[in-house]
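Asker: Quick one: this structure, given as structure tokens, is what I'll be asking you about.
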Amino acid sequence: MTTLHWADGRIEIHRVVVGPYANNVFVLRCRHTGESVLIDAANEHERLLELCQRLDVRRVLETHGHWDHIGAVTQMREAGYEVAVTSQDAPMLKDVGYDVFLDDAEVIEVGKVRLHAIHNPGHTPGSISFLVEGSPVLFSGDTLFPGGPGATKFEGGDFATIIDSIDTRLFTLPANTVVMPGHGVDTTIGTERPHLAEWVARGW
């Protein structure tokens, strides 16, 4: 069964859906060097480790610290993969561990591909999205979905913050930007941007 989800001349994006909450796990691969990075070690570590070996994954990036996104972190670290998370969400990983911090505006190199970290608080204080330089792809974690923002009812969540975060940090991106969220199907910035006022009015 193929895991290839999206590709252009520079990158491949592989996707598997894992765990009881149907989490998307993405692997971004540089086609020039073959090196990859895995986004959200959510669950089903055997599948993820097989994917990592097949696609030459070098490290793991966590979009945020909620438990359904970190279920395979322990096994990934035991297998030698470095796990990165924001300092704000790091306390949520106290039971599974982490290795390095991710900061807003950090540039992560994956072979010849550059990923730009975008701090998107609101779903959690340290939620982060990743924009692929030179390709119209944004990994949005649980910040932006088709039809609205991620849930803000959990501890550390704040609706006004996530709306501001989406409006000022994500909706400034080109309309053709493909949004790949932490659960469910892809959307685009152009599809979601016109609905911001509706989301504010409904309050979720």
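Nothing in this text is a laboratory measurement; each read-out follows from the coordinates by a stated rule. Predicted model, so just to flag it, every value in this text is computed and none were measured. Note that each Cβ is placed from the backbone with ideal geometry, even for glycine, and that neighbours are counted across all protein chains shown.
Asker: What do you get for GluC sites (Glu not before Pro) in region 75-165 restricted to DSSP loop and a cutoff of at most 15 other Cβ within 10 Å of the site's Cβ?
Answerer: Passing both the DSSP loop test and the Cβ count: Glu133, Glu155.
Asker: Across 5 Å bins from the origin, how do the percents of Cα pairs in region 120-204 run, short distances first?
Answerer: The calculated distribution, bin by bin, is 3, 17, 30, 28, 17, 5, 1, 0.
Asker: Would you mind working out the magnitude of the charge dipole of the chain relative to its Cα centre, with +1 at each Lys and Arg C-beta and -1 at each Asp and Glu C-beta, to the nearest 20 Debye?
Answerer: Values: 16 positive and 28 negative charges, 93 e Å.
Roughly 440 debye for the chain.
Asker: How far is helix 45-55 tilted off the main Cα axis of the chain, in degrees rounded to 10, range 0 to 90?
Answerer: Around 70 degrees separate the two axes.
Asker: Using θ = phi - 60° and the Karplus relation 6.51 cos²θ - 1.76 cosθ + 1.60, list the HN-Hα couplings for region 192-204 in order, rounded to whole Hz, with x at every Gly or Pro.
Answerer: Coupling constants for region 192-204: 8, 4, x, 9, 4, 4, 5, 5, 4, 5, 7, x, 7 Hz.
Asker: Check Glu106: other-chain or 5+ apart residues with amide H under 5 Å from its amide H, H built from backbone geometry?
Answerer: Here the answer is Ala117, since their amide H atoms fall under 5 Å of that of Glu106.
Asker: Please turn the phi angles of region 145-152 into ³J(HN,Hα) values with the Karplus equation 6.51 cos²θ - 1.76 cosθ + 1.60 (θ = phi - 60°), one per residue in order, whole Hz, x for glycine and proline.
Answerer: Once θ is set to phi - 60°, the couplings for region 145-152 become 10, x, x, x, x, x, 5, 10 Hz.
Asker: Once you have the alpha carbon radius of gyration of the chain, what is it after dividing by 2.2 N^0.38 Å, with N set to its residue count? Let's see the in-between values first.
Answerer: Details: Rg = 15.7 Å, N = 204, 2.2 N^0.38 = 16.6 Å.
Rg over 2.2 N^0.38 Å, computed on Cα atoms: 0.94.
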